[in-house]
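**Student:** For reference, the structure I am asking about is given below.
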Amino acid sequence: MRLRTVTGLGVSGVLVLATLAFAQSANEEVSFPEAYRDGVHYATVTRGNIREEIFTSPEAVAAAREGRTFPDGTVIMMEDYRGDELHRYIIMEKRAQWTSVSEAGAWLFREFAPDRSPNGSEDGSRCASCHQSQAANDFVFTTRQMREHN
Ligand code: HEC
């Protein structure tokens with residue numbers, strides 16, 4: 001019986017399955033970049049009680065220095081502190097396959113709690129709309145800090 005159902009899918013069923021698999025890869029989630037501290041800590045931004053520590057890969061820093069757009073797979077991580085306490089992690093990650101679902105180039109914007117669990121209620125649209133102002137810099141505000149980091 002089960003086998004018959006599967007065979008019964010026919011060509012259109014297979015196409016539907018293939019389309020679903022594709023949609024899933026386009027939506028593949030941003031996962032917490034556990035090794036981000038092995039990258040480059042290129043900026044600290046303070047504003048009143050807020051302190052942001054920002055990290056990315058050496059490849060991303062090189063791209064900023066050479067005036068290129070960021071490489072596919074770039075992750076930029078921001079630790080967001082209130083006073084001495086870690087408030088949240090915010091992350092942007094660039095993947096070519098996300099161009100169709102992103103509201104800012106090929107980047108997805110996500111938030112993680114201090115215990116590194118994803119904040120599912122942050123879909124990144126508010127983040128993307130503010131980062132839109134940096135479209136000419138591949139949606140990143142702190143490219144100058146990357147360039148000047150030694
Ligand atoms: C109101 C505007 C605004 C919103 C909304 C916003 N950002 Fe940003 N973001 C900035 C600015 C400005 C900076 C540069 C650092 C600074 O001045 O704090 C920045 C920096 C960053 C950086 C470091 C890379 C860079 O662009 O310089 C990351 C990562 C980031 N934001 C992710 C996010 C995520 C994820 C969200 C949503 C949860 C978000 N941002 C929402 C304005 C915004």
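The values are calculated or read from the model by the stated rules, or taken from the named source; none is laboratory data. Small disclaimer: the values here were computed from a predicted structure and weren't measured. Cβ: placed from backbone, ideal geometry, glycine included. Neighbour counts: every protein chain shown. Side chains are part of the model used for accessible areas, which takes the heavy atoms of the whole protein and leaves out ligands, DNA and RNA. Shrake-Rupley method; radii C 1.70, N 1.55, O 1.52, S 1.80 Å.
**Student:** Return the residues of the range 58-92 that are surrounded by fewer than 20 Cβ atoms within 10 Å (Cβ to Cβ) and either among the hydroxyl-bearing types (Ser, Thr, Tyr) or within 10 Å of the chain's Cα centre (by Cα) (or both); say none if nothing qualifies.
**Tutor:** The answer is 69, 73, 81.
**Student:** Here is a further query. Taking the range 136-150 only, how many residues are among the acidic types (Asp, Glu) and open to solvent by less than 40 Å² (accessible area, probe 1.4 Å)? Break it down into steps so the answer makes sense when it comes.
**Tutor:** Within the range 136-150, the subset among the acidic types (Asp, Glu) is 138, 148.
Among the residues that remain, those that are also open to solvent by less than 40 Å² (accessible area, probe 1.4 Å) are: 138.
Result for the range 136-150: 1.
**Student:** Something else: Pairs needed: first member in the range 120-139, at positive phi; second member anywhere, open to solvent by 80 Å² or more (accessible area, probe 1.4 Å) and within 6 Å of the ligand (Cβ to nearest atom); C-beta distance under 7 Å; at least 6 residues apart or different chains.
**Tutor:** Close Cβ pairs satisfying both conditions: none exist.
Per-residue answers, yes or no, for (1) open to solvent by 20 Å² or more (accessible area, probe 1.4 Å); (2) under 12 Å from the mean Cα position of the chain (by Cα); (3) more than 17 Å from residue 54 (Cβ to Cβ); (4) of a type in the set (D, E, K, R):
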| site | (1), (2), (3), (4) |
| --- | --- |
| 94 | yes, yes, no, yes |
| 100 | yes, no, yes, no |
| 105 | yes, yes, yes, no |
| 113 | yes, no, yes, no |
| 117 | yes, no, yes, no |
| 120 | yes, no, yes, no |
| 127 | yes, yes, no, no |
| 130 | yes, no, no, no |
| 134 | yes, no, no, no |
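**Student:** Under 8 Å between Cβ atoms, which residue pairs at least 6 apart in sequence (or on different chains) link something in the range 28-41 that is within 15 Å of residue 59 (Cα to Cα) with a partner that is open to solvent by 30 Å² or more (accessible area, probe 1.4 Å) and in a helix (DSSP H, G or I)?
**Tutor:** 39/58; 40/58
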